[in-house]
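Please read the structure below before turning to the comments.
The values are calculated or read from the model by the stated rules, or taken from the named source; none is laboratory data. Keep in mind the model is a prediction, meaning the values are calculated, not measured. Cβ: placed from backbone, ideal geometry, glycine included. Neighbour counts: every protein chain shown. When the accessible area is computed, the model is the full protein with side chains, heavy atoms only, and any ligands, DNA or RNA have been set aside. Shrake-Rupley method; radii C 1.70, N 1.55, O 1.52, S 1.80 Å.
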Amino acid sequence: MSVTATPIELEDVHGAHNYHPLPVTVSHGEGAWVWDDEGHRYLDFLAAYSALNFGHRHPDLVRAAHEQLDRLTLTSRAFHHDLLGPFCAELAELAGKEMVLPMNSGAEAVETALKVARRWGYEVKGVPDEQATVVVMDGNFHGRTISIISFSGDPVAHDHYGPYTPGFRVVGYGDAAALESAIDETTVAVLVEPVQGEAGVVLPPEGYLAEVRRICTEHRVLMVADEVQSGLGRTGETFACDLEGVVPDVYVLGKALGGGIVPLSAVVADGDVLGVLDPGSHGSTFGGNALAVAVGREVIRLLATGEPQQRARDLEPVLRDGLAPLLGHGLVGLRVRGLWAGLDLDPALGTGRDLCEALVGRGVLVKDTHGSTIRVSPPLTIDRADLEWGLEQVRGAVGDLVAAAG
Ligand code: PLP
């Protein structure tokens, strides 16, 4: 490949094709805006699937990272470092729990929670060895490891990766009766996204999370809430479970925890659950590294002020009102929670990809999830005027598709 090849051409030839990005090469970002390598400006309406809840290069987060880069980045867990204890204490306090286990990616944190739940099942609940089951939801997205994709219903994520990990039972999302009947004496956990982000911001029926909580308590099963995408301010609450006043046994966190700067994830629970792990039973070389938790502590500090959550609540009506006129006029479905929306384009008008490409032309970056569904999740720090401008572009792009369909 010639040295004058563009970054996209090089990626196409030398990078594995496990993504299908929009044809934009971002080289700079600030707040809710990014610039491509030719200087064109785009409004970031995806925010790295909520990993950029605080926007690109938030000054407090960048400062924390710079200061830490000049001091210490990694020790491994073979030694203590001076930030891990404070980070765990502060995140535990934010979540109202006792203990934290830091990892790196969201999928690793989900795997960690599943391992903890199985251990808890064998050592505390008394499930016979090798028998543990976990109930999961149809339409789930929890990451890409072999165990996790073993219970994915998405053929693209699942197929040709077998043999698959056993021990999972899938029930309909939002169906509390099906959940209850799937639980038996072998069940150690229910793994649920309080809002299914990747599925297209799918909201459970009102009262469902409270029912999951009740069922888990009655059957002595751990309620594991995967808040990797829904948590840390996106829905207008610190955790989406807070919307129903529900406290799970285990929170799984990721994405925004690393401030869009470093990968940082965590499992957060009380000592009677996380305490089942002993030295050597689980770990990660980079988990809880000094650079990541320095940024994570600053993220926790921002969330502890309540301001990002308040901003999502304040902007929710702007987002809803900006999109609602499209229902029945290009959109066949619309779901909004906090600063987070799932839009179902009428498939007769085109695919989600068509809409995303049209929006690139209008200076707005979003991404389709499945078929004709796209997700809007701007940084929570976005200016109201910028949000309104972006929504105007969405209305314009959908309007163009309606007009083209005649
Ligand atoms: N869990 C949920 C709910 C997610 O939305 C995602 C990613 O989108 C993950 C887990 C996996 O996170 P990661 O891509 O960091 O492994």
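Just LEU345, LEU380, LEU232 to compare: in a GNM of the chain, with alpha carbon springs under 10 Å, which one fluctuates most?
Answer for the Gaussian network model of the chain: LEU345.
Of all the accessible heavy-atom surface of segment 13-145, with the other protein chains kept in place and a 1.4 Å probe, what percent is carbon and sulfur?
Numbers: 3590 of 6880 Å².
Reported share for carbon and sulfur atoms: 52 percent.
Considering only DSSP states other than H, G, I, E and B, which chymotrypsin sites (Phe, Trp or Tyr not before Pro) in segment 1-103 qualify as loop sites with at most 16 other Cβ atoms within 10 Å? Before the final figure, lay out each step's value.
Numbers: sites: TYR19, TRP33, TRP35, TYR42, PHE45, TYR49, PHE54, PHE79, PHE87; in loops: TYR19, PHE45, PHE54, PHE79.
Hits after loop and neighbour filter: TYR19, PHE79.
Among the chymotrypsin sites (Phe, Trp or Tyr not before Pro) within segment 117-165, which fall in a DSSP loop and have no more than 15 other Cβ atoms within 10 Å of their own Cβ? Don't jump to the answer; show the numbers that get you there.
Details: sites: TRP120, TYR122, PHE141, PHE151, TYR161, TYR164; in loops: PHE141, PHE151, TYR161, TYR164.
Taking segment 117-165 and a limit of 15 other Cβ atoms within 10 Å, the loop chymotrypsin sites (Phe, Trp or Tyr not before Pro) found are TYR161, TYR164.
Hand me the tally of lysine pairs in the chain: alpha carbons under 25 angstrom apart, and the pair either on different chains or 8 or more positions apart.
Details: LYS97/LYS115; LYS97/LYS125; LYS97/LYS255; LYS115/LYS125; LYS115/LYS255; LYS255/LYS367.
The result is 6.
For segment 72-304, what proportion of DSSP beta bridges, expressed in % and rounded to the nearest 5, is antiparallel?
40 percent
Stretched out fully, how many nm does the piece from GLU38 to ASP354 gain, at 0.36 nm a residue minus the Cα gap? Numbers along the way, then the final one.
On the way: separation 316, 0.36 × 316 = 113.76 nm, distance 2.28 nm.
That works out to 111.5 nm of additional length.
Can you show me the helix-derived [θ] at 222 nm for the chain, built from DSSP H runs with n ≥ 4 at -39,500 (n - 2.57) apiece and divided by the number of residues, rounded to the nearest 500. Kindly include the intermediate steps, with their values, before the conclusion.
On the way: 14 runs with 145 residues, N = 406.
One gets -10500 deg cm²/dmol as the mean residue ellipticity at 222 nm.
Along the three principal axes, how long is the chain when you take its alpha carbons, biggest first, rounded to the nearest angstrom?
Projected onto its principal axes, the Cα set of the chain covers 63, 53, 47 Å.
Which of the peptides 299-312, 268-281, 101-114 is most tightly packed, and how do the rest follow, judged by the mean count of other Cβ atoms within 10 Å per residue? All intermediate terms of the calculation are to be shown ahead of the outcome.
Details: 299-312: 18.4, 268-281: 16.1, 101-114: 24.7.
Highest to lowest by the protection proxy: 101-114, 299-312, 268-281.
Find the relative contact order for the chain and round it to a whole percent, using C-alpha pairs within less than 8 Å whose residues are 6+ positions apart.
Working: 806 pairs, mean separation 90.3, N = 406.
Across the chain, relative contact order equals 22 percent.
Which length gain, in nm to one decimal place, applies between VAL124 and LEU72 when the Cα-Cα distance is subtracted from 0.36 nm times their residue separation?
14.9 nm
Pairs of Cα atoms under 8 Å, at least six residues apart: use those to get the relative contact order of segment 72-304, whole percent.
Values: 444 pairs, mean separation 70.1, N = 233.
Relative contact order of segment 72-304: 30 percent.
For the chain, give me the percentage of DSSP beta bridges that are antiparallel, rounded to the nearest 5 percent. Present the calculation step by step, with values, prior to reporting the outcome.
On the way: 29 of 46 bridges.
The antiparallel proportion sits near 65 percent.
List the trypsin sites (Lys or Arg not before Pro) within segment 199-294 that fall in a DSSP loop (any state other than H, G, I, E or B) and whose Cβ has at most 16 other Cβ atoms within 10 Å. Mind dumping the intermediate values first?
Numbers: sites: ARG213, ARG214, ARG220, ARG234, LYS255; in loops: ARG220, ARG234.
In loop regions of segment 199-294 (DSSP not H, G, I, E or B), the sparsely surrounded trypsin sites (Lys or Arg not before Pro) are ARG220.
For segment 270-340 and segment 99-177, compute the distance between their C-alpha centroids and round to whole Å.
Comparing the Cα centres of segment 270-340 and segment 99-177, I get a distance of 21 Å.
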